[in-house]
Amino acid sequence: MIKEQLRKLIAEKDATIGVIGLGYVGLPLIVEFALKGFKGIGFEVDAKKVDDINAGRSYIVDVSNENVKKCVDGGGLAATTDFRKLIDCDVVVICVPTPLRKTKDPDMSYIIAAGEEIQKYMRPGQLVILESTTYPGTTDEVLQPMFEMKGFKLDEDVLLAFSPERVDPGNPQFQTHNIPKVVGGVTKDSTEIASFLYSQIVENVHSVSSARVAEACKLWENTFRAINIGMANEMAKVCNALGIDTWEVVRAAATKPFGFMAFYPGPGIGGHCIPLDPHYLSWKARQHGFDSQFISLAEQINSGMPAYVVKLVSTALNDVKKAVNGSKVLVLGVAYKKDIDDMRESPALSIIDLLRSRGADLVYHDPFVPEVTFDHAYTIGDGEPLLNTELTDDLIKNSDCVIICTDHSNVDYTRVCELAPLIVDTRNALSEDVRNGSKAKIVRL
Ligand SMILES: NC(=O)c1ccc[n+]([C@@H]2O[C@H](COP(=O)([O-])OP(=O)(O)OC[C@H]3O[C@@H](n4cnc5c(N)ncnc54)[C@H](O)[C@@H]3O)[C@@H](O)[C@H]2O)c1
């Protein structure tokens, strides 16, 4: 029986784990399995990533070169572009991207491409788990029919489950092993074996009754964040209009030990999750005749933040008798959040683009991001790529305005405050002490 076979293979660490897509989610996952003694095969379409892994090099901040090298040298990890090796895997985990189309509808092409490769090389005895964030119903509406079309029956030949990934890149406190894992199978046996598998690498596994519940759980979590960040952004605008310090208000509210959870305003939302995932939920809800107004409103507020920041910059320059047109603007931090290199959906891209479209002379400094490129389909400015600039005293001094878009830890904000004439701080990166000792004009969100 498949369930017992797989349980034995997993318990004895004889199961070979295939992971399709070795990005922010897939690489930490396969390394975790390999470190626990499983044999991992990583499937990637990007040959450069395959070469890096096989040479013992990591390209993801949370995964050390040392761990990749240890796993590769010990024979526990190999990467490949050859999907025929899927036949060697007892478990296949799909960690491919789930972007949006330009119409903001789910782009399922990566999941389907991965599903088609699995379908080609599938054999009885395999457990397939989808980890990519997606709308409720994907696992049983999209993947299950692909496998059944091949004549495989769930529980008899194969098992199928969904388990959302909650990894928070750059978070040193919570990593794969200590983030509780939600698991929902399409069948009971699938839930049981997928949960047993994750219990080998994760301290706390929470099983749910179906793949759909697990899919919806992930979207609930990220929609909760998108809506609460939207509310924090709205409150920042309200506080600004009333001349009240937003950050002091939220700090005070956060002292309430129950019924309040602090979310912070910022220049907009970024990354592969929060700006995208709620659209997966609202799209699916619309298919069933329901229009989610909270999601639309949060999207409207959050996506309007870069323009709001540009308004703050333009007003601040105006106050010192300068125009955006021709001003030298230094954007400090361009990654979508602190201490990582991820530029996906970063609000800094829109801020730079908007300011360049109004004639600002733009440079940026980000210790994690060597180059910024723009998608011409979305730009209104010239869309020319930018290279990272060294944060010299002259650069800071000669900038008409410094915009802190990302509050990376390894930037000397005291020096920035000592030298810059005008700073727009969208992240509350400048502490009260630093601000008090500064001659700069400082505008905060
Ligand atoms: N990044 C996060 O913090 C995070 C957190 C939770 C969930 N997720 C979800 O996990 C999924 C993966 O996200 P990510 O951040 O790891 O993306 P990523 O872009 O970093 O990695 C995806 C990898 O898949 C590869 N790939 C694409 N198509 C492939 C195919 N057909 N076969 C093999 N490899 C293929 C890409 O080359 C890339 O290396 C998404 O659904 C995302 O929403 C991401």
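List of remarks:
- Computed from point charges on the beta carbon alone (+1 for Lys and Arg, -1 for Asp and Glu), the dipole magnitude for the chain about its Cα centre is near 660 Debye.
- A simple spin-label model places the labels of residue 262 and residue 320 2.9 nm from each other, with each point 7 Å out along Cα-to-Cβ.
- Prolate/oblate/rounded label for segment 304-444 (Cα gyration tensor, a/c 1.5): oblate
- Going from the residue with the fewest nearby Cβ atoms within 10 Å to the one with the most, 342, 245, 366 rank 245, 342, 366.
- Residues with amide H under 5 Å from that of residue 364, placed H, sequence gap 5 or more: 331, 389
- Inverse mean reciprocal Cα-Cα distance (Kirkwood Rh) of the chain, Å: 23.6 Å
- Two tests apply to each whole DSSP H helix in the chain, Cα reach of 27 Å or more along its axis and mean Kyte-Doolittle hydropathy of at least 0.0, and the ones passing both are 211-242.
- Theoretical FRET efficiency, 1/(1+(r/R0)^6), r = Cβ-Cβ of residue 64 and residue 13, R0 35 Å, to 0.05: 0.95
- DSSP-defined beta bridges in the chain - what % are antiparallel, rounded to 5: 10 percent
- Size descriptor, Kirkwood hydrodynamic radius, that averages inverse alpha-carbon separations across segment 2-218, Å: 17.0 Å
- Taking amide hydrogens as placed 1.01 Å from N in the peptide plane, the amide H of residue 150 sits under 5 Å from that of no residue at least 5 positions away in sequence or on another chain.
- Inter-probe distance in nm under a simple model that places probes 7 Å from Cα toward Cβ, at residue 296 and residue 244: 3.0 nm
- The stretch between residue 57 and residue 431 holds 130.9 nm of extra length on full extension. This uses 0.36 nm per residue minus the Cα-Cα distance.
- Approximate spin-label separation residue 398-residue 231, in nm, with each point projected 7 Å along Cα-to-Cβ: 4.7 nm
- Computed lengthening from residue 382 to residue 47, 0.36 nm per intervening residue step minus Cα-Cα distance: 117.5 nm
- Calculated [θ] (222 nm, deg cm²/dmol) that DSSP helices of n ≥ 4 give over the chain, each run adding -39,500 (n - 2.57): -11500 deg cm²/dmol
- Cα-only radius of gyration and Dmax that characterise segment 298-373, units Å: 12.8, 36
- Computed over segment 304-444: relative contact order in percent, which uses C-alpha pairs under 8 Å that are six or more apart: 24 percent
- Across the chain, Cα pairs under 8 Å and at least six residues apart give a relative contact order of 10 percent.
- Cβ-Cβ FRET estimate between residue 328 and residue 375, R0 fixed at 41 Å, reported to 0.05: 0.95
- Interchain or long-range residues, amide H under 5 Å from residue 39's placed H: 17
Readers should treat all values here as calculations from the given coordinates under stated rules, not as data from a laboratory. Here the structure is a predicted model, which is why all the values come from computation and not from measurement. Neighbour counts are summed over all protein chains in view; Cβ atoms, including those assigned to glycine, are modelled from backbone coordinates with ideal geometry.
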